[in-house]
Structures are given as C-alpha cells and as structure tokens.
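Heads up, the thing below is written out as structure tokens.
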Amino acid sequence: MATTSKTSFFSEATAAVNHFRQYGFESQAELDRWVARLRQAALLQLRTPAETERAIRDALTQKYRGLVTQGGILNQMPAVSRMNLERVKPKLRAELDRRIMASANLIKLNRAEAIDKTMRRFQGWATSIPAGGSRAVDVKAEKDDIRKAIGQMDFIERRVVIDQSHKLIATLNDIVAVENGALAAEWHSPWRRQGYNARKDHKERDLKVFAIRGNWAIEKGLMKPGPDGYTDEIEAPGQLVYCSCTYKYIFALRKLPVEMLTKSGMYALPEKV
C-alpha cells in the first residue's frame, strides 16, 4: 500500500457523509469540491502504479524462476532436456515481460473503475439529501457503502496476481511443450479441490486428451485427433478468469490413447519386451 495512512480515505469519507447529513445538497460546486477531496484521498490510499508494477513483477518473476531458471518445468516434462529448455528461454522471458505489463494494466483499470464507482456512489447519495440536511441518514451505513469499492482493491489486486500467475505458468508450459514436440495434452481440472468453483464444461473435460495440431506425428501420418479434437478448438487452461485447470503433455506415441494412433502409428510403436 502507499505510505499514506490507511485512515486517510476513511476519514475523508466520514467528513463528507457528515457534511451532507448536516447541510444536504446545496450546490454542484460544493459537491465537486468533496468529490475532488475523496478522489485525491482514494488515490493516496491505493498503491501507486510504480508500487503495483513492482509487486506484480516480483510475484510473476518468482514463478518464472521456479519453473525456468531453477528448472521446475523439467520435473513436469521429463521428455524435455535442460538444453532444449535453454533454447526456448527467449520466448519464455518475452512471455514473462508481456504478462507483467498486462497484469499491471489490468490492475490500473480496476483501480480507475473502483475510484469512479466510489465517486458515483457518493454523488448519487449526496444529491439525494435535501438542502438543510437530514437526521434520517445512517452515517455508518453510508460510509461503508461509499468506501466499499476502495476497500476491496487489496483483495482484487491479489486475485489478479493469482490469476495472472496461473496464466503465466500455463503459457510457459505450452511454449516449452509445443517447441519440444509434444503430441497431445491431457486436460486436468481441480474440480475435486475443496472450495474450487469449477466450470461445468471444464469439469467434464477432465482427463480428456486433445491433439496438438501440426505436430510431427500427425505430419508423418502416425496419429490423428481423437474424439476430443485439437487443443486449438477449445480455450487453453487458465485462459478464462480464475481458471486453475492445467495440461499434462504427451510426447510419446505409446502414451497416446489407442484411438489416436493410425495404422502406421501402431506399427511404429516399440515392441513390448
């Protein structure tokens, strides 16, 4: 959070509600003055753009280091060598930078929306109070309503970082898999996880296998898409907001469902010992 005390916006909201409770809506100029005060206090209450970008960069870079720099992605894809991971590093780094920029911009938009929503709530309420004020105003309820959107920003920013972290991980995995000859991807939904609100179609997609279009085995006539089709015919794991689904990538013909193998593919399988 910014260095200004957390009470700054709340105290301004209290002062604004008390003023209109006592005097009511007397002029647009007076209302504009209070709106300007509240907007300034809200801006000071929230992270600055620089603080936001730094927090996002730290969080996403930590995920990137674990997967790429420290090789965590190789534990998920034993078929990929360290040398091949190094080969695609420029693409992975570019995706990290792109995700940081997108996340910072999203939070910036959320912040602007929260402030505008707060100002609309305040103006709508203030203009409803007749000149001379009103003793019928519930001060606490009005204060809580006016500052609600601002008070939720910390939570919203954390959700954005969590969601964007998952999107980053999913995209990095996809780049490494496709660049290293993955044949197909098996969808995994965390629908069994307590508290996870799984989308119905994502739950139904659990453990289904989707072919990766244009892979080397398809080009050689060794495999074909199964009944579930191709990965590019559905949204990717993590693509939708708060989706925590993942892919488990398949690199070997022998690990494909039998219905995805052509006759040539069946003959190409290594003989069982």
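The values are calculated or read from the model by the stated rules, or taken from the named source; none is laboratory data. Just so you know, these numbers come straight off a predicted model, no measurement behind them. Here the Cβ is made from the backbone with ideal geometry for all residues, glycine too, and neighbour counts use every protein chain on show.
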Residues within the range 119-139 that are out of contact with any Leu (no Cβ under 8 Å at 6 or more places or on another chain), in contact (Cβ under 8 Å) with a residue 60 or more places away in the chain and of a type outside the set (S, T, N, Q), tallied: 9
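Against the definition (more than 25 Å from LEU96 (Cβ to Cβ), touching a Gly at 6+ places or on another chain (Cβ under 9 Å) and modelled with pLDDT of 85 or more), how does ALA131 come out, yes or no? Explain how you work it out, then say what you get.
Details: more than 25 Å from LEU96 (Cβ to Cβ): yes; touching a Gly at 6+ places or on another chain (Cβ under 9 Å): yes; modelled with pLDDT of 85 or more: yes.
So ALA131 passes the test.
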Residue among GLU30, GLU53, GLU26 that is more than 30 Å from LYS255 (Cα to Cα) and touching a helix residue (DSSP H, G or I) at 6+ places or on another chain (Cβ under 6 Å): GLU53
ALA217 vs. criteria in contact (Cβ under 8 Å) with a residue 24 or more places away in the chain, assigned to a loop (DSSP other than H, G, I, E, B) and either crowded, with 16+ Cβ neighbours inside 10 Å or not assigned by TED's automatic domain parsing to the domain that holds ILE175 (or both): no
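From the list ARG65, ARG47, ARG98, which one is in a helix (DSSP H, G or I) and over 30 Å from LYS255 (Cβ atoms)?
Working: ARG65 fails: over 30 Å from LYS255 (Cβ atoms); ARG47 fails: in a helix (DSSP H, G or I).
Just a single option satisfies the conditions, and that option is ARG98.
Determine, yes or no, whether ALA114 is loosely packed, with under 15 Cβ neighbours inside 10 Å and either assigned to a loop (DSSP other than H, G, I, E, B) or small (Gly, Ala, Ser) (or both). Before you say what the answer is, go through the steps one by one.
On the way: loosely packed, with under 15 Cβ neighbours inside 10 Å: no; either assigned to a loop (DSSP other than H, G, I, E, B) or small (Gly, Ala, Ser) (or both): yes.
In short, no.
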Selection from the range 12-57 of residues that are without any contact (Cβ under 8 Å) to a residue 60 or more places away in the chain and of a type in the set (Asp, Glu): GLU12, GLU30, ASP32, GLU51, GLU53
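Table: residues versus (1) under 28 Å from THR48 (Cβ atoms); (2) modelled with pLDDT under 90.
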residue: GLU86; (1), (2): no, no
residue: ARG93; (1), (2): yes, no
residue: ARG99; (1), (2): yes, no
residue: ALA112; (1), (2): yes, no
residue: THR127; (1), (2): no, no
residue: LYS143; (1), (2): yes, yes
residue: SER165; (1), (2): yes, no
residue: ALA170; (1), (2): no, no
Output for the range 151-204, where each listed residue is buried (at least 19 other Cβ atoms within 10 Å of the Cβ), touching a Cys at 6+ places or on another chain (Cβ under 8 Å) and closer than 19 Å to LYS255 by Cα: TRP187
The lone exception for LEU60 - which of (1) in contact (Cβ under 8 Å) with a residue 60 or more places away in the chain; (2) out of contact with any Lys or Arg (no Cβ under 7 Å at 6 or more places or on another chain) it fails: (2)
Filtered residue count, the range 23-44, keeping only those that are touching a Pro at 6+ places or on another chain (Cβ under 8 Å) and not in a loop (DSSP other than H, G, I, E, B): 0
Residue within the range 76-84 that is closer than 30 Å to ASP32 by Cβ, touching a residue at least 24 places away in the same chain (Cβ under 8 Å), over 22 Å from the mean Cα position of the chain (by Cα) and surrounded by 14 or more Cβ atoms within 10 Å (Cβ to Cβ) present: no
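Considering the range 132-149 alone, what residues qualify as being within 24 Å of the chain's Cα centre (by Cα) and buried (at least 19 other Cβ atoms within 10 Å of the Cβ)? Talk me through it step by step, then tell me what you get.
To start, the set of residues in the range 132-149 that are within 24 Å of the chain's Cα centre (by Cα) comprises 148-149.
Across the range 132-149, the qualifying residue is only ALA149.
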Condition met for ILE129 (surrounded by 13 or more Cβ atoms within 10 Å (Cβ to Cβ) and part of a loop (DSSP other than H, G, I, E, B)): yes
Test: residue in the range 233-249 that is over 24 Å from LEU168 (Cβ atoms), more than 18 Å from the chain's Cα centre (by Cα) and not assigned by TED's automatic domain parsing to the domain that holds VAL161: no
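Is it true that SER264 is farther than 17 Å from HIS188 by Cβ and either more than 33 Å from the chain's Cα centre (by Cα) or not assigned by TED's automatic domain parsing to the domain that holds ALA79 (or both)? Please lay out each step first, then the result.
Values: farther than 17 Å from HIS188 by Cβ: yes; either more than 33 Å from the chain's Cα centre (by Cα) or not assigned by TED's automatic domain parsing to the domain that holds ALA79 (or both): yes.
So SER264 passes the test.
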